[in-house]
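Asks: Below is one structure. I have some questions about it.
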Amino acid sequence: MERELFALLLSTLDELDGVRHRPRKCQYTERDILAVLLWAVLHDRPIDWACKRKNWPTHDRTRPLPSGSTMSRRLRTESVRDLLLRWLLAINLVRDDGPLILDAKALAVAWHSTDPDAGIGRGVGQLSKGYKLHAIVDRDGNLRAFAVLPLNVSEQAAAEHLIDQLPQEHGRVLLADGNYDSNRLYDRAADKGIQLIAERRYKRAKGLGHRRHSPYRLEALRRMEAAPDLLAERRLIEGCFGTLGNVVGGLSSLPNWVRRRGRVERWVIGKLLIDAAHRRKRKLPIAA
């Protein structure tokens, strides 16, 4: 299964511009670097493990393999990061025109970790230390925007960053839970032509109070009152995040060698690539 996924992902990578680019005074192409990264992430192993020929299939041991220090240096370059992000967008299926869904997944590290980039914030039902994957997906699980941020960054602040990544829309709906029920976020989404519909943060509130409310929030409240099941599709992202951790090579937790924000982001992108490859193989929407 790992080899099949690896071949599928590399074939997608080869369709991108600049994949064979070799920077000045560098021995290895961008493709060489990303292939080694993918092999490590696919097998849940450190980068150094993937730099050793004995850990590759016999038929594939003639490929160019950079050293661990070369990988560390090249993976931090903007050109490799840009190609990695374009690769992630290219692997998605044909995109759905239905509602978008916004949510986040905590990625905890141990409390005794000395990672200076890890933040302390709300994890899965408790206070945790680590990072959080924030994502906007469509109904089929195709990624539209994402960010990997420390846990102490609020979900509303992260959502603003994600909305800024989206192209200009016209009337597209964005579904979210009560953590995103913010007048400022409603206005930010409206600037992109998107109608945010978030569950009410305070469900027992009897009214709206005396403060100013975004007209887009008021519109969302009217829609939810008229159609109580409007947010039902939001649960699809729970299936998306659940599948992300339950497939071969999927994202379950951060290994102890994946620390600092840059490494965590690259690891998560690798796992998102693998998840997208699984969906492409199935050619089916995610399960609710």
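Asks: Quick one: which residue in Leu83, Leu88 is closer than 21 Å to Arg282 by Cβ and either touching a Cys at 6+ places or on another chain (Cβ under 8 Å) or not small (Gly, Ala, Ser) (or both)?
Replies: Leu88
Asks: Going by what's in this entry, would Ala145 be described as surrounded by fewer than 21 Cβ atoms within 10 Å (Cβ to Cβ), in contact with a helix residue (DSSP H, G or I) (Cβ under 8 Å, 6 or more places away or on another chain), without any contact (Cβ under 8 Å) to a residue 40 or more places away in the chain and within 24 Å of Ala276 (Cβ to Cβ)?
Replies: In short, yes.
Asks: Can you pull out every residue in region 54-65 that is modelled with pLDDT of 95 or more, surrounded by 12 or more Cβ atoms within 10 Å (Cβ to Cβ) and part of a helix (DSSP H, G or I)?
Replies: Asn55
Asks: Inside region 158-175, can you point out the residues that are of a type in the set (A, V, I, L, M) and either over 16 Å from the mean Cα position of the chain (by Cα) or surrounded by fewer than 14 Cβ atoms within 10 Å (Cβ to Cβ) (or both)?
Replies: If the condition is that a residue be of a type in the set (A, V, I, L, M) and either over 16 Å from the mean Cα position of the chain (by Cα) or surrounded by fewer than 14 Cβ atoms within 10 Å (Cβ to Cβ) (or both), then Val173, Leu174, Leu175 are the ones that fit.
Asks: Does Asp82 satisfy the criteria of being at pLDDT below 90, among the charged types (D, E, K, R) and under 25 Å from Arg20 (Cα atoms)?
Replies: Criteria not met by Asp82.
Asks: Still on this structure: Are there helices (runs of 4 or more DSSP H) fully within region 182-288 with at least 1 residues that are modelled with pLDDT of 95 or more, closer than 26 Å to Glu4 by Cα and within 22 Å of the chain's Cα centre (by Cα)? List them.
Replies: 261-282
Asks: While we're on this one: Taking into account only those residues within region 66-93 that are part of a loop (DSSP other than H, G, I, E, B) and touching a residue at least 24 places away in the same chain (Cβ under 8 Å), which is surrounded by the fewest Cβ atoms within 10 Å (Cβ to Cβ)? Spell out how you get there, then give the answer.
Replies: At the first step, the residues of region 66-93 found to be part of a loop (DSSP other than H, G, I, E, B) are 66-67, 76-77, 91-93.
From the residues that got through so far, the ones that are touching a residue at least 24 places away in the same chain (Cβ under 8 Å) too are 66, 76-77, 91-93.
Working: Pro66: 21, Arg76: 12, Thr77: 14, Ile91: 23, Asn92: 19, Leu93: 16.
Filtering region 66-93 for residues that are part of a loop (DSSP other than H, G, I, E, B) and touching a residue at least 24 places away in the same chain (Cβ under 8 Å), the one surrounded by the fewest Cβ atoms within 10 Å (Cβ to Cβ) comes out as Arg76.
Asks: Now a separate question. Among the numbered criteria (1) in a strand (DSSP E or B); (2) in contact with a Cys (Cβ under 7 Å, 6 or more places away or on another chain), which single criterion is violated by Gly141?
Replies: Of everything listed in (1) in a strand (DSSP E or B); (2) in contact with a Cys (Cβ under 7 Å, 6 or more places away or on another chain), Gly141 misses just condition (1).
Asks: I would also like to ask the following. Quick check, is Asp103 among the acidic types (Asp, Glu) and touching a residue at least 40 places away in the same chain (Cβ under 8 Å)?
Replies: Yes.
The values are calculated or read from the model by the stated rules, or taken from the named source; none is laboratory data. What you are looking at is a predicted structure, and each value in this text was computed from that prediction instead of being measured. All Cβ positions, glycine included, derive from the backbone under ideal geometry; neighbour counts span all protein chains shown.
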